[in-house]
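Asks: Encoded as structure tokens, here's the structure I'll be asking about.
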Amino acid sequence: MADVKISPETEEVISFAMEKRMKAFEEFNKEAGIHLYIEGKITAESYDPMNMIPLEDRLLHKSFIKVRMNNEDFLIQQPVIAHVDHGIQNINKLHLIIENEPSETNDSLTIDGIGEIKGRYKKQENIRHVLI
């Protein structure tokens, strides 16, 4: 098999694209608000592939994602990072930033604009974890 030479220009373009992707994730992580992590078996039902930024095992959905959790569909109409495992559909963690404190019950969190997510949760400073 012949060795394929990669030009410095190509390497520069790849490096630029990777930096741009990393910057988008960094900017998301710096946003103000409550960082909410939802972990468990989550399936992507629909999303906008034109407004999605991939980086390693994460996808930044810039406009929306519709997911299935606990046999219920949830439409998240805001930027969200999906941690994927073996393909785009299989999500093991969602990371979103919410403005208002979610309301709690013994076995669920209700998030403005998204709905009630059943699971165990824990709080730490401005971070919320929900295990579904």
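The values are calculated or read from the model by the stated rules, or taken from the named source; none is laboratory data. These numbers were taken from a predicted model, which means no experiment stands behind them. Cβ coordinates were reconstructed from backbone atoms using ideal geometry, including for glycine residues, and neighbour counts include every protein chain displayed. Side chains are part of the model used for accessible areas, which takes the heavy atoms of the whole protein and leaves out ligands, DNA and RNA. Shrake-Rupley method; radii C 1.70, N 1.55, O 1.52, S 1.80 Å.
Asks: Quick one: how many Å² of S46 are accessible to a 1.4 Å probe, rounded to 10?
Replies: The accessible area of S46 comes to roughly 40 Å².
Asks: Could you look at the chain and say what percent of its accessible area is carbon and sulfur, using a 1.4 Å probe and all protein chains?
Replies: 50 percent
Asks: Around Y121, which amide H atoms from residues at least 5 apart in sequence, or from another chain, sit under 5 Å from its own amide H, with H modelled in the peptide plane?
Replies: So Y121 has HN proximity to L131.
Asks: To test your reading of the geometry: what angle, between 0 and 90 degrees and rounded to tens, separates the Cα axis of helix 8-30 from the longest principal axis of the chain?
Replies: Approximately 10 degrees, to the nearest 10.
Asks: A further question follows. Of V84, V13, V67, which has the largest mean-square fluctuation in a 10 Å C-alpha GNM of the chain?
Replies: Highest fluctuation of the listed residues: V13.
Asks: Follow-up. Is there a pair in K20/K118; K5/K93; K62/K122 whose C-alpha atoms are over 31 Å apart, and which pairs would that be? Spell out each step's value before the answer.
Replies: Working: K20/K118 35 Å; K5/K93 38 Å; K62/K122 26 Å.
K20/K118; K5/K93, as the Cα separations exceed 31 Å there.
Asks: Projected area of the chain, taken from the Cα convex hull and averaged over every viewing direction, in nm²?
Replies: 10.0 nm²
Asks: Please find, in a Gaussian network model of the chain (springs between Cα atoms separated by less than 10 Å), the residue of M22, M50, M69 whose mean-square fluctuation is greatest.
Replies: Between M22, M50, M69, it is M50 that shows the largest mean-square fluctuation.
Asks: Probe of 1.4 angstrom, ligands and nucleic acids ignored: what's the accessible area per residue over region 43-132, in square angstrom? Before the final figure, lay out the partial values.
Replies: Details: 5110 Å² over 90 residues.
Each residue of region 43-132 exposes 57 Å² on average to a 1.4 Å probe.
Asks: Sticking with this structure for a sec: For region 83-132, what is the convex hull volume of its Cα atoms per residue in Å³?
Replies: Working: hull volume 4.6 nm³, N = 50.
Taking the convex hull of the Cα positions in region 83-132, it is 92 Å³ per residue.
Asks: Something else now. In debye, nearest 20, what is the charge dipole magnitude of the chain about its Cα centre with +1 on Lys and Arg Cβ and -1 on Asp and Glu Cβ, if you could check?
Replies: Numbers: 16 positive and 23 negative charges, 52 e Å.
So the dipole magnitude of the chain works out to roughly 240 debye.
Asks: Give me the net charge of K66's neighbourhood, meaning all other residues with Cβ under 12 Å from the Cβ of K66; Lys, Arg count +1, Asp, Glu -1. Please report the intermediate quantities before stating the final value.
Replies: Values: positive: R68; negative: E45, D48, E72, D73.
So the surrounding residues net to -3.
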